[in-house]
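The values are calculated or read from the model by the stated rules, or taken from the named source; none is laboratory data. Predicted model only: the values in this text are computed from it and were never measured. Positions of Cβ are backbone-derived with ideal geometry, glycine not excepted, and every protein chain shown enters the neighbour counts. These area figures cover heavy atoms from the full protein model, side chains too; ligands, DNA and RNA do not enter into them. Shrake-Rupley method; radii C 1.70, N 1.55, O 1.52, S 1.80 Å.
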Amino acid sequence: MKIIGLTGGIGTGKSTVSEYLNKKGCVIIDADAISRAMTDRGAPALKEIEKTFGKKYISADGSLDRKALGDLVFGNKEKLEALQKIITEKVIEEINDRICQMKEEGSDKTVIIDAPLLFECGMEGIADENWLVTADTKVRLLRVSKRDNLSEEQIMARIENQMPDAEKIRRSRCVIDNSAGLERLYEQIDLQLERIENER
Ligand code: ATP
């Protein structure tokens, strides 16, 4: 089984790459979806949140009081980091559990850990190798402004708030440049899939 970490900044096309890899038969582990599920009612992170921040952030029905917790961590770096740490640990645990289960079942599939914050959250070590999706800034601005209701300034602020691509490139085994059309994108992915198939 081969495990690949897939990441990319806003509007680079990471989700498009992930969808294509899924069509090609890879198993996708969506770190963002797991992260959201971690704070659902009865989810593992809730106990930790209660222990760290207090009972009042858990509603009577056992669900997270997102508004109250949001108010608490907003603008408080220390508390925000404590919350992120709890959730990240649980997400990594869940990803490792899923991988372990697939290994036990003898799966020989390629597994993609689709994670926008792969490097920032310390998930890069889970994978055998990490792939980065990039695109020219102009192209990213155009794609995101078409998709979301954001101004160029707002998108630029988000790009600049993320880890610089140069740093991500340094940590990646391969870089997929999605500045051109889909055909060119799929060609690059096919080449990488072929490479890892030959390395098996
Ligand atoms: P985010 O992190 O912001 O959610 P992302 O990196 O996952 O974004 P996508 O959602 O895959 O990016 O792509 C952003 C937009 O650009 C989408 O509307 C997608 O359909 C479009 N897109 C992606 N790649 C291409 C391409 N090669 N040619 C044309 N459009 C593209």
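Sorting the segments 170-176, 71-77, 3-9 by their residues' average number of neighbouring beta-carbon atoms within 10 angstrom, most packed first, yields 3-9, 170-176, 71-77. Against the main long axis of the alpha-carbon atoms of the chain, helix 44-53 sits at an angle near 50°.
Sorting 119-127, 78-86 by average packing, meaning the other beta carbons within 10 Å per residue, from highest down gives 119-127, 78-86.
Relative to the longest principal axis of the Cα atoms of the chain, the long axis of helix 152-161 lies at roughly 80 degrees. Applying both filters, DSSP loop and at most 16 other Cβ atoms within 10 Å, to the trypsin sites (Lys or Arg not before Pro) of the stretch 1-58 gives K24, R41.
Each other residue within a Cβ distance under 13 Å of Q101 adds +1 if Lys or Arg and -1 if Asp or Glu, for a net charge of -2. Name the residue from T110, V73, I155 whose Cα lies farthest towards the positive end of the charge dipole of the chain, charges +1 on Cβ of Lys and Arg and -1 on Cβ of Asp and Glu. So the residue we want is V73.
Highest-first packing order for the peptide set 92-103, 189-200 is 92-103, 189-200, based on the mean count of other beta carbon atoms within 10 Å.
Full extension of the chain segment joining A33 with A166 gains 45.2 nm, where the gain is 0.36 nm per residue of separation less the Cα-Cα distance. Taking each residue as 0.36 nm, the span from D136 to S63 lengthens on full extension beyond its C-alpha to C-alpha distance by 22.1 nm.
Mind running the shape call on the chain? Use the C-alpha gyration tensor, a ≥ b ≥ c as the square roots of the eigenvalues: rounded below 1.5 for a/c, prolate if a/b tops b/c, oblate otherwise. It comes out oblate by the Cα gyration axes. Element breakdown for the stretch 2-199 at a 1.4 angstrom probe: carbon and sulfur atoms account for 48% of the accessible area. Ordered from largest to smallest accessible area (heavy atoms of protein chains, 1.4 Å probe), the residues Y57, Y186 come out as Y186, Y57. Classify the stretch 109-200 as rounded, prolate or oblate from the Cα gyration tensor: take a ≥ b ≥ c as the square roots of its eigenvalues, call it rounded if a/c is under 1.5, otherwise prolate when a/b beats b/c and oblate if not. Oblate, since a/c reaches 1.5 and b/c is not below a/b. Principal-axis analysis of the Cα atoms of the chain puts helix 182-199 at an angle of about 90° to the longest axis.
Suppose R0 equals 35 Å; then what is the FRET efficiency for N149 and D108 from their Cβ-Cβ distance, rounded to the nearest 0.05?
Numbers: r = 43 Å, r/R0 = 1.23.
About 0.20, to the nearest 0.05.
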